[in-house]
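Colleague: I'd like to ask some things about the structure below.
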Amino acid sequence: MLRVGVIGCGAISVIHFDAILKNQDAQLVSVCDINLEVLDKTTSKYSCNGYVDYSEMISSESLDVVHICTPHYLHKEMIVKAIGLNINVVTEKPVVMNMLEAQEVECALANSEAKLAVSFQNRYNPTSVVMREYVDNEVLGQLVGIKGFVTWQREPESYYANSEWRGKYATEGGSLVINQAIHTIDLIQWLGGELTKVDGSYSTKAFQEYIETDDTAEIYFEFSNGAKGLFYGTNAYSTNSPVEMELHFEKGLLKYMLGKLFLVDQEGELKELARDFLPGKTGKNYWGASHEKAINAFYQAFTAGGDYIDLVESITAIDIISQLKKAN
Ligand SMILES: NC(=O)c1ccc[n+]([C@@H]2O[C@H](COP(=O)([O-])OP(=O)(O)OC[C@H]3O[C@@H](n4cnc5c(N)ncnc54)[C@H](O)[C@@H]3O)[C@@H](O)[C@H]2O)c1
């Protein structure tokens, strides 16, 4: 049985708790949060030990795995400390805020037995799995173009003004791109293959009064097989629209919209290939509902072996983001 702890008991943590409790190889033994009220509620709910100091928790609970669900600026420090104690880590995205921090994590991993998994759960979505099959099997020929749109709504008064860490470079490391759009940017590069060009920019179009970071971005990609990619994203839309993607192959088109993946036939008719949104899931559907699969894959790596999303897999998205220029 794997002894598991969680650091950070805010919004995303409920999905981690859900997955840990359902996993037969895992036992939730302790949680940590600096907010005493949150900590109290969480320890009562899950009947586990509670800590305000994460260093104390990871050095005294003999943990096999720790989940990091804290603000972005804390990820690197917490990962490096846990890995240094040979504790395996599941961290929320972004794994780190920049490539310099990535080097420190790489170094910690090289000197440890521990493994690191990153929550890019959308790669496990049923629709992403089918997209990947079409790319790998070349059923419609080679991929020649890929685009993704993230048009979401963050109410600046409630989402940014009330948060201590969001909307600031020092603590969030950026906003739309590194926080919300990172999943779709990752899917574009994961499906597109080796990158040969990234040219993009970010800007603050709507929330200047509230944040110093970006609320909007656009990116152009080129891949080594000649395929092209486009990305547009904003947090300043009127609602949280489901992410849209298009995969253009030599002999056909796949469309991802409303949480479903369609094959577009010669007459423009849509045939559903897969769907993501499942009723009754913990968390928000538009986040992507595959945390449980991602966490299970990591736990399975200890018991039976298998793949999971590690630092190398997760770092290309950070590399892309670090190449974007400020547009205003
Ligand atoms: N994968 C996804 O789709 C997804 C969705 C939402 C959020 N996230 C990620 O999850 C992480 C957390 O986001 P959130 O929305 O849950 O934030 P949040 O602000 O709701 O929760 C963060 C929690 O961490 C606690 N915390 C802060 N500093 C701490 C410290 N030093 N030690 C222990 N606890 C500390 C806070 O008190 C808070 O309870 C971020 O990295 C975010 O990008 C991922």
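The values are calculated or read from the model by the stated rules, or taken from the named source; none is laboratory data. These numbers were taken from a predicted model, which means no experiment stands behind them. Here Cβ is always computed from backbone atoms with ideal geometry, including for glycine, and neighbour counts include all displayed protein chains. Just the protein is used for accessible areas: all its heavy atoms, side chains included, with ligands, DNA and RNA removed. Shrake-Rupley method; radii C 1.70, N 1.55, O 1.52, S 1.80 Å.
Table: residues versus (1) farther than 22 Å from S59 by Cα; (2) at pLDDT below 95; (3) outside the structural domain of G252 (by TED's automatic domain parsing); (4) of a type outside the set (D, E, K, R).
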{"site": "E92", "(1), (2), (3), (4)": "no, no, yes, no"}
{"site": "A102", "(1), (2), (3), (4)": "yes, no, yes, yes"}
{"site": "A110", "(1), (2), (3), (4)": "no, no, yes, yes"}
{"site": "E113", "(1), (2), (3), (4)": "no, no, yes, no"}
{"site": "S128", "(1), (2), (3), (4)": "yes, no, no, yes"}
{"site": "E138", "(1), (2), (3), (4)": "yes, no, no, no"}
{"site": "K147", "(1), (2), (3), (4)": "yes, no, no, no"}
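Colleague: Which residue is nearest to the chain's Cα centre (by Cα), if the candidates are limited to region 53-89 and must be of a type in the set (D, E) and open to solvent by 20 Å² or more (accessible area, probe 1.4 Å)?
Modeller: Going residue by residue through region 53-89, those that are of a type in the set (D, E) are 53, 56, 61, 64, 77.
Still in the list and also open to solvent by 20 Å² or more (accessible area, probe 1.4 Å): 53, 56, 64, 77.
Working: D53: 25, E56: 27, D64: 22, E77: 18 Å.
Only one residue fits best here, namely E77.
Colleague: Can you name every residue in region 1-41 that is over 23 Å from the mean Cα position of the chain (by Cα), within 14 Å of the ligand (Cβ to nearest atom) and crowded, with 16+ Cβ neighbours inside 10 Å?
Modeller: S30, V38, L39
Colleague: Would you pick out the residues in region 262-285 that are within 16 Å of the ligand (Cβ to nearest atom) and either open to solvent by 50 Å² or more (accessible area, probe 1.4 Å) or at pLDDT 90 or above (or both)? Even if it seems obvious, please write down each step before you answer.
Modeller: Start the filter on region 262-285 by keeping residues that are within 16 Å of the ligand (Cβ to nearest atom), which leaves 276-278, 281-285.
Across region 262-285, the qualifying residues are D276, F277, L278, K281, T282, K284, N285.
Colleague: Then there is this: I'd like the residue in region 149-158 that is over 17 Å from the mean Cα position of the chain (by Cα) and either at pLDDT 95 or above or in a strand (DSSP E or B) (or both) and, out of all such residues, is surrounded by the most Cβ atoms within 10 Å (Cβ to Cβ). Explain how you work it out, then say what you get.
Modeller: From region 149-158, those over 17 Å from the mean Cα position of the chain (by Cα) are 153-158; that's our starting set.
Add one more test, that the residue is either at pLDDT 95 or above or in a strand (DSSP E or B) (or both), and what stays is 153-154.
Values: Q153: 13, R154: 23.
Looking at the filtered set, the residue picked out is R154.
Colleague: Could you give every pair whose Cβ atoms fall below 6 Å, whose first residue belongs to region 114-132 and is in contact (Cβ under 8 Å) with a residue 40 or more places away in the chain and open to solvent by 10 Å² or more (accessible area, probe 1.4 Å), and whose second residue is away from the ligand (no atom under 16 Å from the Cβ) and not charged (D, E, K, R), counting only separations of at least 6 or pairs across chains?
Modeller: So the pair list comes out as K115/N88; P126/A274; V130/L261; V130/L273; V130/A274.
Colleague: Looking at Y46, Y51, which one is more than 19 Å from I309 (Cβ to Cβ), hydroxyl-bearing (S, T, Y) and within 11 Å of the ligand (Cβ to nearest atom)? Explain how you work it out, then say what you get.
Modeller: Details: Y46 fails: within 11 Å of the ligand (Cβ to nearest atom).
So the residue among Y46, Y51 that is more than 19 Å from I309 (Cβ to Cβ), hydroxyl-bearing (S, T, Y) and within 11 Å of the ligand (Cβ to nearest atom) is Y51.
Colleague: Separate question: Output yes when any residue across region 133-144 is open to solvent by 30 Å² or more (accessible area, probe 1.4 Å), out of contact with any Leu (no Cβ under 8 Å at 6 or more places or on another chain), assigned to a loop (DSSP other than H, G, I, E, B) and on the phi < 0 side of the Ramachandran plot, and no when none is.
Modeller: yes
Colleague: Could you list, ordered by first residue, the pairs with Cβ atoms under 7 Å in which the first is in region 90-103 and open to solvent by less than 30 Å² (accessible area, probe 1.4 Å) and the second is part of a loop (DSSP other than H, G, I, E, B) and more than 9 Å from the ligand (Cβ to nearest atom), at least 6 apart or interchain?
Modeller: What qualifies is P94/G173; A102/V96.
Colleague: Looking at region 133-163 only, could you name the residues that are free of Cβ contacts under 8 Å to residues at least 12 places away in the same chain, within 16 Å of the ligand (Cβ to nearest atom) and not hydroxyl-bearing (S, T, Y)?
Modeller: Answer for region 133-163, where residues must be free of Cβ contacts under 8 Å to residues at least 12 places away in the same chain, within 16 Å of the ligand (Cβ to nearest atom) and not hydroxyl-bearing (S, T, Y): E155, N162.
Colleague: If you don't mind, there's one more thing I want to ask. Here is a check on your reading of the model: is F249 more than 22 Å from the chain's Cα centre (by Cα) and free of Cβ contacts under 8 Å to residues at least 24 places away in the same chain?
Modeller: Numbers: more than 22 Å from the chain's Cα centre (by Cα): yes; free of Cβ contacts under 8 Å to residues at least 24 places away in the same chain: no.
No; evaluated as a whole, the condition is false for this residue.
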